[in-house]
Amino acid sequence: MNTRKIGKEKEESALHYLSGHRYEILERNFYTRYGEIDIIGREGSYLVFIEVKYRKNAKNGFPEAAVTLAKQKKIIKASMYYLYCQGFSENTPVRFDVLSILGNDYRLIQNAFEIC
């Protein structure tokens, strides 16, 4: 199975996982010139931007380690663009989560990083 197909399947399973953890999914694969946001949802009062990372095993490190500072900056820029385009207020509470999938194990890291 190719990596693109696996990625699509894991992202689909991520949607089910998040829905089961009280996330309302608003959008997926939001593309901008600044970068992509895998999933945008609501959880409680928060608008949440979620990065999904998958690894078959930990041989090359844990999935969440792939969310580097450079990747975080891209996600933040893309999220600011999303907020602007959708007309959200500056006071909208936002959060950046990472859903790490290692094999068949899911680990949700809420508030994984913040706007600096």
*Within the set of pairs 6 or more residues apart or between chains, which connect a residue that is of a type in the set (Asp, Glu) inside the stretch 94-116 to a residue that is in a strand (DSSP E or B) and surrounded by 18 or more Cβ atoms within 10 Å (Cβ to Cβ) with Cβ atoms less than 8 Å apart?*
Asp97/Val48; Asp97/Phe49; Asp97/Ile50; Asp97/Glu51; Asp97/Ala112; Glu114/Phe96
*Is it true that some residue in the stretch 94-103 is of a type in the set (Ser, Thr, Tyr) and surrounded by 14 or more Cβ atoms within 10 Å (Cβ to Cβ)?*
yes
*Is there a residue in the stretch 39-59 that is closer than 18 Å to Asp105 by Cα and free of Cβ contacts under 8 Å to residues at least 24 places away in the same chain?*
yes
_For a quick check of your reading: which strands (runs of 3 or more DSSP E) sit entirely within the chain and have at least 2 residues that are in contact with a Pro (Cβ under 7 Å, 6 or more places away or on another chain)?_
46-55, 94-102
*Which of the residues spanning the stretch 15-35 are buried (at least 18 other Cβ atoms within 10 Å of the Cβ), aliphatic (A, V, I, L, M) and touching a Lys or Arg at 6+ places or on another chain (Cβ under 9 Å)?*
Leu15
_Residue list for the stretch 11-37, restricted to those being closer than 16 Å to Tyr106 by Cα, in contact with a strand residue (DSSP E or B) (Cβ under 7 Å, 6 or more places away or on another chain) and not aliphatic (A, V, I, L, M)_ = Glu11, Tyr17, Ser19, His21, Arg22, Tyr23
*If only one of Phe113, Phe49, Phe88 is touching a strand residue (DSSP E or B) at 6+ places or on another chain (Cβ under 9 Å) and either over 24 Å from His21 (Cα atoms) or surrounded by fewer than 17 Cβ atoms within 10 Å (Cβ to Cβ) (or both), which one is it?*
Phe88
_Just the residues that are among the polar types (S, T, N, Q) and loosely packed, with under 15 Cβ neighbours inside 10 Å, please, taken from the stretch 62-85._
Thr68
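Computed from the coordinates by the stated procedures, all read-outs in this text should not be read as laboratory data. Everything numeric here is computed off the predicted structure, so don't read it as measured data. Cβ sites come from the backbone with ideal geometry, for glycine too, and all protein chains shown count toward neighbours.
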